[in-house]
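The values are calculated or read from the model by the stated rules, or taken from the named source; none is laboratory data. Nothing here was measured: the structure is a model prediction, and the numbers come from that model. Note: ideal-geometry Cβ built from the backbone for every residue, glycine included; neighbour counts use all protein chains shown.
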Amino acid sequence: MSVSYYKRYRMEIDLRGRCFDPLPVPPGYRLFAWHPDRLGDHADAKYASFQHEIDADVFECLGDAVGCYKLMEEISEREGFLPEATWLAAYVGDRAQEIDYCGTIQGVRLSHRLGGIQNVGITPSHRRRGVGTALVLAALAGFQQVGLPRVYLEVTAQNDGAVRLYKQLGFHRTKTLYRTVEFAYS
């Protein structure tokens, strides 16, 4: 057995007094509000976003299509699940019949004062186009809609692009965590 430690940041944002109107998505993209019929599309986007990334080492289910589906089921069935803060991004291009689900975000209510972003995933070929920013802002607007004053998320420290994005949007690092992952020798 081999053990690895992954550094993660807990980042929080205070929503009070701020306006998080969702940004227009980049041309060719659409955001879809949560609907249970799209659970599989969220799972597929999650899997395509994380399967070859460090987070799939930290959270084994993210590197497995079935694991992503089960995770989406668990999140959507939680007592505090927030449809208002759960969005799916798609690239529709010039023809709406060629939909490529390329991003996903989920939100949950953890208490009467705190919400949590469960996952932000953007598929590799759609990164750095503003899709992740649009998803996070749509989710933050959803948290505000239900009256939550604070939101947190966790991010793997080596994910520089995500950490930079969250800081630009107003998140502040509040804690450093270490996740232990055991690997079996092959």
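Remarks
- For the criterion of being part of a helix (DSSP H, G or I), crowded, with 22+ Cβ neighbours inside 10 Å and within 16 Å of the chain's Cα centre (by Cα), residue 165 fails.
- Scanning segment 101-119 for residues that are more than 15 Å from residue 84 (Cα to Cα) and surrounded by 17 or more Cβ atoms within 10 Å (Cβ to Cβ) yields a total of 3.
- Taken as a whole, the structure places residue 160 among residues that are under 18 Å from the mean Cα position of the chain (by Cα), modelled with pLDDT under 95 and surrounded by fewer than 18 Cβ atoms within 10 Å (Cβ to Cβ).
- Breaking point among (1) buried (at least 20 other Cβ atoms within 10 Å of the Cβ); (2) modelled with pLDDT of 95 or more; (3) out of contact with any Lys or Arg (no Cβ under 9 Å at 6 or more places or on another chain), for residue 77: (1)
- When residue 55 is tested against (1) among the charged types (D, E, K, R); (2) modelled with pLDDT under 90; (3) surrounded by fewer than 18 Cβ atoms within 10 Å (Cβ to Cβ), just one condition goes unmet, and that condition is (3).
- Matching residues in segment 135-152 - criterion: being assigned to a strand (DSSP E or B) and under 14 Å from the mean Cα position of the chain (by Cα): 151, 152
For every residue, the table says whether it meets (1) closer than 18 Å to residue 144 by Cβ; (2) in contact (Cβ under 8 Å) with a residue 12 or more places away in the chain; (3) in contact with a His (Cβ under 8 Å, 6 or more places away or on another chain); (4) hydrophobic (A, V, I, L, M, F, W, C).
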| position | (1), (2), (3), (4) |
| --- | --- |
| 4 | no, yes, no, no |
| 7 | no, yes, no, no |
| 14 | yes, yes, no, no |
| 18 | yes, yes, no, no |
| 28 | no, yes, no, no |
| 37 | no, no, no, no |
| 42 | no, yes, no, no |
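- Being in contact with a strand residue (DSSP E or B) (Cβ under 8 Å, 6 or more places away or on another chain), closer than 21 Å to residue 63 by Cα, surrounded by 14 or more Cβ atoms within 10 Å (Cβ to Cβ) and at pLDDT 95 or above is a condition met by no residue of segment 137-146.
- Considering the conditions (1) over 15 Å from residue 33 (Cα atoms); (2) not in a strand (DSSP E or B), residue 177 is excluded by exactly one of them, (2).
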